[in-house]
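Report on one structure; see the data block that follows.
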There are 2 protein chains.
Amino acid sequence: MVDIAPKFNALLVFIEHRFYGDSMPFGNNSYKSAKTLGYLNSQQALADYAVLIRSLKQNLSSDSSPVVVFGGSYGGMLAAWFRLKYPHIAIGAVASSAPILQFDKITPWSSFYDAVSQDFKDASLNCYKVIKGSWAELDALSTHDDGLIEVSKLFRTCKALHSVYSARDWLWEAFVYTAMVNYPTEANFMMPLPAYPVEEMCKIIDGLPKGASKLSKAFAAASLYYNYTQTEKCFNLEGGTDSHGLHGWDWQACTEMVMPMTCSNESMFPPSSFSYKEFSQDCKNQYGVKPRPHWITTEFGGYRIEQVLKRFGSNMIFSNGMQDPWSRGGVLKNISSSIVALVTQKGAHHVDFRSETKNDPDWLIMQRKQEVAIIEKWLEEYYKDLKQN
Amino acid sequence: MVDIAPKFNALLVFIEHRFYGDSMPFGNNSYKSAKTLGYLNSQQALADYAVLIRSLKQNLSSDSSPVVVFGGSYGGMLAAWFRLKYPHIAIGAVASSAPILQFDKITPWSSFYDAVSQDFKDASLNCYKVIKGSWAELDALSTHDDGLIEVSKLFRTCKALHSVYSARDWLWEAFVYTAMVNYPTEANFMMPLPAYPVEEMCKIIDGLPKGASKLSKAFAAASLYYNYTQTEKCFNLEGGTDSHGLHGWDWQACTEMVMPMTCSNESMFPPSSFSYKEFSQDCKNQYGVKPRPHWITTEFGGYRIEQVLKRFGSNMIFSNGMQDPWSRGGVLKNISSSIVALVTQKGAHHVDFRSETKNDPDWLIMQRKQEVAIIEKWLEEYYKDLKQN
């Protein structure tokens, strides 16, 4: 957005979502209970944006200036939904890596972890097999008398571990997030990482001696995610800080953003199912609320999205990179002449929204050009309409 | 709706708006304070409809059954807004006498009372002049020592009046509501009334001796509204019950449904302006809240409605009768091939939604047929789409 704003003489406005960053409607009490957290939801955020944009335009005496909304990931969902719900305020939406179909039973629940696994399998079949086999080794260690000490040593933890689950979660996060940010250039979105980090992880695994344990190989691969800069002497696997501000997301996941996920037998993760009952109980324990698994599809739709949007929507870009596991819950096909899916095979989580670099591959340069051209068309039509009326 | 449902083999569902009728979310405490009343708003009502319709269809195993929403007056606004916000749930909306443009500065604030006045002027210029002149006579009486007694006597009140304003409000209500329900047949919507009651009121006024006071003529005309059945021996002008359930509406008017109205010099009512400051203070006093005059247009749009709906909406009927003063805030022109305005010169407040009678004029029969034909087209397209996918 920063790169292309000058082309449009555009004012860039980043509207912070309430309950994230500094936008705490009840100050330090904002996260205190369901009573205050009740105001943390996507509909409220969209209404905030509507009020803010309108008020801002009025204050700037620019009532007829067209507004295009942009967002990636959850922000991409909000951008798409904003265009759907507030077409009188935004003339178009660019929704990057927006998994608006990851709800209810629209997208198969196993698709997310299958996609992560596919990334690793595509990089190296051996790599995929090593990771897939590492969980059993970790489980086996947990039954040893000195299992925790062994795992702590193997994972170079700063402090002795209290639970083997911490090691499991640590590995898990590394593989999932690295798949998401499997960018074509060196980047620093979740963590600093080299270009195509999944390939790099697999190179590490494939390069280790055959005799080494699968778990030690998995650890070495995960270390790339946590320590690409080689500055960590040891790792803190437990009691991490909420660096990605995910506490707010936990609340949203427990109320409206219910995205059931499972691991199939074909994935590189231990097979698992989704129990709404257990999930619901966890939410009840943590926040005293019951999740509403059908709410998002009721409020924003999702089933038969092509037919609904074809008749009803316009001016939307859904961009997805197939390296990103969230792509599986995205809109991957053109819906109409003005609702377009831009899919890149080598793209990752909202890679199009990252700043231009000298090393950007052609397909990425091309994708960004397409987006600019489409937005230009929206503006052209808007001004044409404006003149005629 | 009851008349045409069999043509469609349709299930009719009347969804009661929360905080009206028996739908009290906090029982007897529902109207206690702004804390509970906060849940009384149009967005919440629309969300309720969405959840209920979806759940009902699931329970009836009729997920693919198309839903058309109907509403008159405020209900018509809700129907139109529901189609805009929930196109995945309703395939179309019939919005009768829905003044969705009566907000902010879209429609001139004097248009409502000018329209009431036009009805009376069209019936008889003398009638309009008599009513226009009656207010000054009432004001003059209020300065007499025995003014209240005189007014009580003239208005045949059951109890002596405490305020001349009661007589004023009583007349005012009669003229406004009679204009709204200036139906072509005998009807009983707000009150039992003859066909074209505005004409009947004016016949009463024009039939009285020239020497009679304007106020007594206005009273006689208003009596038609309150006593067409000739069963009232006296009138209760003060301390009426909330027979139309308007307490809830008062709250909505003080929060979101802010519709500024004024009386121009050309209207038959005493000229008046709208002071947001005074209105705001009244709301503060009554409920402890501040009105949000731009909220409805922010949430649902309204400005440049033609351009927005043309690009974005589909499958809507806006029907209006020009006798109805609310028509002035309605959509009176076709917006696209699938967003149609049905305007009848002799129609009144959602007359198309009233049951068929033997005396219905041709234009009304025709209007209803048009509505059925349009809905049939929506269904046809829906089923065609459904088969293709």
| note | Taking N as the residue count of chain A, its alpha carbon Rg divided by 2.2 N^0.38 Å gives 1.05
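What accessible area per residue, rounded to a whole number of Å², is obtained for region B:1-67 using a probe radius of 1.4 Å? Walk me through the numbers on the way to the answer.
On the way: 4100 Å² over 67 residues.
That works out to 61 Å² per residue.
If you place +1 on the Cβ of every Lys and Arg and -1 on the Cβ of every Asp and Glu, how big does the dipole about the Cα centre of chain B come out, in debye to the nearest 20?
720
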| field | Residue mean of other protein chain beta carbons inside 10 Å, B:46-56 | value | 2
| If you line up the long axis of helix B:164-180 against the longest principal axis of chain B, both from Cα atoms, how many degrees apart are they, to the nearest 10? | 40
| message | Suppose R0 equals 30 Å. What FRET efficiency, 1/(1 + (r/R0)^6) with r the Cβ-Cβ distance, do B:K7 and B:S337 give to the nearest 0.05? | response | 0.85
| message | For a quick check, take a GNM of chain A with Cα springs below 10 Å and name the residue from A:Y165, A:Y113, A:Y177 with the largest mean-square fluctuation. | response | A:Y165
| Cα-based shape type of region A:23-175, given that a ≥ b ≥ c are square roots of the gyration tensor eigenvalues and the cut on a/c is 1.5 | prolate
| Counting only protein chains, not ligands or nucleic acids, how are B:S267, B:S64, B:S73 ordered by accessible area (probe 1.4 Å), most first? | B:S64, B:S73, B:S267
| field | Too-long pairs where the Cα-Cα distance tops 27 Å, listed order kept, from A:K129/A:K333; B:K159/B:K346; A:K32/B:K277; B:K35/B:K310; B:K105/B:K284; A:K35/B:K284 | value | A:K129/A:K333; B:K159/B:K346; A:K32/B:K277; B:K35/B:K310
| task | Over both sides of the A-B contact, add up the buried accessible area with a 1.4 Å probe and give it to the nearest 100 Å². | result | 2900
| Excluding ligands and nucleic acids, what accessible area in Å² is computed for A:S65 using a 1.4 Å probe, to the nearest 10? | 50
| field | Crossing angle, helix B:74-85 versus chain B [Cα axis fit, 0-90 degrees, rounded to tens] | value | 30
| message | Using just the Cα positions, wrap region B:182-334 in a convex hull and report its mean projected area in square nanometres, one decimal place. | response | 12.9
| remark: Rounded to whole angstrom, the alpha-carbon centroid of region B:329-389 lies from that of region A:149-224 at a distance of 64
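State the percentage of accessible surface on region B:130-286 attributable to carbon and sulfur atoms; use a 1.4 Å probe and exclude ligands, DNA and RNA.
Carbon with sulfur: 52 percent of the solvent-accessible area.
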| note | Heads up, region A:313-389 by the C-alpha gyration tensor (a ≥ b ≥ c square roots of eigenvalues; a/c under 1.5 rounded, else a/b over b/c prolate, else oblate) looks oblate
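First measure r as the distance between the Cβ atoms of B:L386 and B:I15, then evaluate 1/(1 + (r/R0)^6) with R0 = 30 Å and state the FRET efficiency to the nearest 0.05. Working shown, then result.
Values: r = 24 Å, r/R0 = 0.81.
That pair, B:L386 with B:I15, gives E of 0.80.
Just tell me how shielded B:75-87 is by partners: mean number of partner chain Cβ atoms within 10 Å of each residue's Cβ, no decimals.
Numbers: counts 0, 0, 0, 0, 0, 0, 0, 0, 1, 6, 5, 7, 7.
What the average comes to for B:75-87 is 2.
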| message | Lone cysteines in chain A, defined as no other cysteine's Cβ under 4.7 Å from theirs: which are they? | response | A:C263
| request: Please give the solvent-accessible surface of A:T297 in Å², to the nearest 10, using a probe radius of 1.4 Å with every protein chain present. | output: 10
| request: Please work out how much accessible surface A:D122 shows to a 1.4 Å probe, ignoring ligands, DNA and RNA, in Å² rounded to 10. | output: 110
| task | Can you tell me the 0 to 90 degree angle between the C-alpha axis of helix B:214-227 and the longest principal axis of chain B, rounded to 10? | result | 40
| field | Relative pair counts by distance (%), Cα atoms of the protein assembly as shown, 10 Å bins | value | 2, 11, 19, 21, 16, 12, 8, 5, 3, 2, 0, 0
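If you put +1 on each Lys and Arg Cβ and -1 on each Asp and Glu Cβ, how big is the dipole of the protein assembly as shown around its Cα centre, in Debye rounded to 20? Don't jump to the answer; show the numbers that get you there.
Values: 76 positive and 80 negative charges, 91 e Å.
In debye, rounded to 20, the protein assembly as shown gives about 440.
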| field | Nitroxide proxy distance, nm - points 7 Å out along Cα→Cβ at B:K153 and B:Y303 | value | 5.6
| said: So with the 1.4 Å probe, I'd like the accessible area per residue for region A:253-389, rounded to whole Å². | reply: 48
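Report the per residue volume, in Å³, of the convex hull enclosing the C-alpha atoms of region B:266-316.
On the way: hull volume 8.6 nm³, N = 51.
Normalising the Cα hull of region B:266-316 by residue number yields 169 Å³.
The values are calculated or read from the model by the stated rules, or taken from the named source; none is laboratory data. Computed from a prediction, not measured in an experiment: that's the story for all the values here. Positions of Cβ are backbone-derived with ideal geometry, glycine not excepted, and every protein chain shown enters the neighbour counts. Note: areas computed on protein heavy atoms with side chains; ligands, DNA, RNA excluded. Shrake-Rupley method; radii C 1.70, N 1.55, O 1.52, S 1.80 Å.
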